[in-house]
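The values are calculated or read from the model by the stated rules, or taken from the named source; none is laboratory data. A quick note: this is a predicted structure, and the numbers were derived from the prediction, not measured. Cβ: placed from backbone, ideal geometry, glycine included. Neighbour counts: every protein chain shown.
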Amino acid sequence: MEKDEMLISDEFGKMLKSLRKKRGLTLADLSDLSGISISYLNRLEKGERKSPGFTKILKLAKVLKVDPASLVGSDLNMSDKPMSISELLFSTQIEHNDEILTASQKELLVEIIETVLLVKFEGTGVINDLQQIAELISELKELQ
């Protein structure tokens, strides 16, 4: 497998896992709904398999309620449909300080953004909320 192929399948797998979890689905749920085996889905998410064929992409996109183009990271997505944070970050290459962000970095960024958007920052929980965000940011910095 060439280096570019590994990055593409890693990106696809991270995107698939992120969308599956966001929809509250287990691998078994996704398998049942898509007709794709659990072991194949697991290997996709781990980046051990290349991106699946078009038919499987269509099935996964339907179950995950996303545009197939955004699932595979295509910039051909002409839809005016709103994108989730995961879809947005995983459907495009993002550059920071002349480096392309990895799938792991994007995964942490999604988690940081979603955590910031969900926390209330009220009362005694503010310190815990900030600590949780700081831990995620530290994880992200370790990947650089």
Task: Residue within region 31-39 that is outside any helix (DSSP H, G or I) and among the acidic types (Asp, Glu) present - done: no
Open item on the list: So in region 28-56, with the set limited to residues that are crowded, with 18+ Cβ neighbours inside 10 Å and at pLDDT 85 or above, which one is nearest to the chain's Cα centre (by Cα)?
Closed with: 45
Open item on the list: Just the residues that are surrounded by 10 or more Cβ atoms within 10 Å (Cβ to Cβ) and among the hydrophobic types (A, V, I, L, M, F, W, C), please, taken from region 106-120.
Closed with: 108, 109, 110, 112, 113, 116, 119
Open item on the list: Which of the numbered conditions does residue 82 fail, given that it passes all the others? Conditions: (1) in a loop (DSSP other than H, G, I, E, B); (2) surrounded by 20 or more Cβ atoms within 10 Å (Cβ to Cβ).
Closed with: (2)
